Amino acid sequence: MPSAIDLRAAFLACLRAHQACEEAVAQALRADQSGGVDERVGALLDCADVCRTTATFIRRGSPLAGRTAGIAADLCERAAEACAPFAGDGALAACAQTCRRCAAWCRRLAALDIERAA
């Protein structure tokens, strides 16, 4: 069973990643004059949505939080990779760093297999 500290850290990391991805999407859309949504924006939106869901699952003690944390970790890594080429852009660079931290916490939570412990 994960400790309260681990759960809190994963919860906060997910909330921060959600927020960072939302801010990075807004920045990317402002910078894109063509009005198109590229693969990077899709990766950021996927990450934001699953991180928000994972935070919600952690908050309410869902036995599926470990599963969504594993998916969130994958999507956080994908979002970080999508932002990496834009290291000169503050919002995208911050998002990449935040997503990498969240991925690490989510991997840790996913490895604890909370569903079985519940």
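The values are calculated or read from the model by the stated rules, or taken from the named source; none is laboratory data. Only a predicted model underlies this, so the values are computations on that prediction, with no experimental measurement involved. FYI the Cβ positions are ideal-geometry reconstructions off the backbone, even for glycines, and counts take in every protein chain you see. The protein model used for the area step is the full one, side chains on, heavy atoms only, and it has no ligands, DNA or RNA in it. Shrake-Rupley method; radii C 1.70, N 1.55, O 1.52, S 1.80 Å.
One residue is enough: does segment 74-84 have a residue meeting the conditions in a helix (DSSP H, G or I), within 23 Å of residue 5 (Cβ to Cβ) and of a type outside the set (S, T, N, Q)?
yes
Cβ separations smaller than 9 Å between residues 6+ apart or across chains give the following pairs from segment 75-93 residues that are at pLDDT 90 or above to residues that are among the hydroxyl-bearing types (Ser, Thr, Tyr): 76/98; 80/98. Among residues belonging to segment 65-83 that are open to solvent by 50 Å² or more (accessible area, probe 1.4 Å) and in contact with a helix residue (DSSP H, G or I) (Cβ under 6 Å, 6 or more places away or on another chain), point out the one that is farthest from residue 14 (Cα to Cα). Out of the qualifying residues, it is 78. Pairing residues of segment 20-34 that are at pLDDT below 85 with residues that are among the small types (Gly, Ala, Ser) and open to solvent by less than 80 Å² (accessible area, probe 1.4 Å), at Cβ distances under 6 Å and at least 6 apart in sequence or on separate chains, gives 27/91. Of the residues 93, 28, which single one is more than 10 Å from the chain's Cα centre (by Cα), part of a helix (DSSP H, G or I) and more than 29 Å from residue 7 (Cα to Cα)? Result: 28 is the single residue among 93, 28 that is more than 10 Å from the chain's Cα centre (by Cα), part of a helix (DSSP H, G or I) and more than 29 Å from residue 7 (Cα to Cα).
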